[in-house]
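The values are calculated or read from the model by the stated rules, or taken from the named source; none is laboratory data. The shown structure was predicted, so the numbers you read here are calculated from the model rather than taken from an experiment. Don't worry about glycine lacking a Cβ; one is built from the backbone with ideal geometry, like all the others, and counts go over all protein chains shown. Note: areas computed on protein heavy atoms with side chains; ligands, DNA, RNA excluded. Shrake-Rupley method; radii C 1.70, N 1.55, O 1.52, S 1.80 Å.
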Amino acid sequence: MNSKKINKKEEILKQFERLLAFQDESEKLEFEASKIHLDFIEELSKMMEEYGMSKSELAEKIGTSKSYITQLFSGDKLVNLAFIAKVQRIFNVKFNILQAKVPVYSKEFRDGIRKQGYQVYGYAVNCEKIVECLNRAS
């Protein structure tokens, strides 16, 4: 592998490290909370579609404004437990909190990053796309 390709690969790895790194613990926690929120909103969207329910109708049934629902769907505000309880009542469902250990990166990807000497924080990304990108650079 020539030095130009090695430098390009190293630069790509550094860029991924910067993208995946958190400045502090509060930023990491905020990211995790947003991820939980987005997972919930995705499930809510599926239920609304199944019931043919608009955001306006949801707001009316919840007893809140349409703008609040819009803020939840855009991620400007996070859902709270009272909101989740109301959604359970409206759709006659129960949300369960499950503990699951999910591998974040493939072993091959983690080992490749370690060989390059980079520390990568454990958040799910599309490993295939990153590996594909790194392979193109090599």
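Selection of first residues in segment 70-85 that are under 16 Å from M48 (Cα atoms) and of second residues that are modelled with pLDDT under 90, restricted to Cβ pairs under 8 Å at least 6 apart or on distinct chains, gives the following pairs, ordered by first then second residue: I84/F95.
Within segment 37-63, residues that are of a type in the set (G, A, S) have Cβ atoms under 7 Å from residues that are open to solvent by 70 Å² or more (accessible area, probe 1.4 Å) in these pairs: S56/K66; A59/K66, counting only partners at least 6 apart in sequence or on another chain. Of everything in segment 17-33 that's of a type in the set (A, V, I, L, M) and part of a helix (DSSP H, G or I), which residue is nearest to L78 (Cα to Cα)? Checked segment 17-33; the qualifying residue nearest to L78 (Cα to Cα) is A33. A residue that is loosely packed, with under 12 Cβ neighbours inside 10 Å and touching a His at 6+ places or on another chain (Cβ under 8 Å) can be found somewhere in segment 71-79. Regarding segment 2-9, can at least one residue be identified that is exposed (fewer than 13 other Cβ atoms within 10 Å of the Cβ), among the β-branched types (V, I, T) and at pLDDT below 90? Within segment 2-9, one or more residues are exposed (fewer than 13 other Cβ atoms within 10 Å of the Cβ), among the β-branched types (V, I, T) and at pLDDT below 90. Can you find, within segment 34-52, the residue that is modelled with the lowest pLDDT among those that are loosely packed, with under 11 Cβ neighbours inside 10 Å and assigned to a helix (DSSP H, G or I)? Only one residue fits best here, namely D39. When V104 is tested against (1) at pLDDT 90 or above; (2) aliphatic (A, V, I, L, M); (3) open to solvent by less than 100 Å² (accessible area, probe 1.4 Å), just one condition goes unmet, and that condition is (1).
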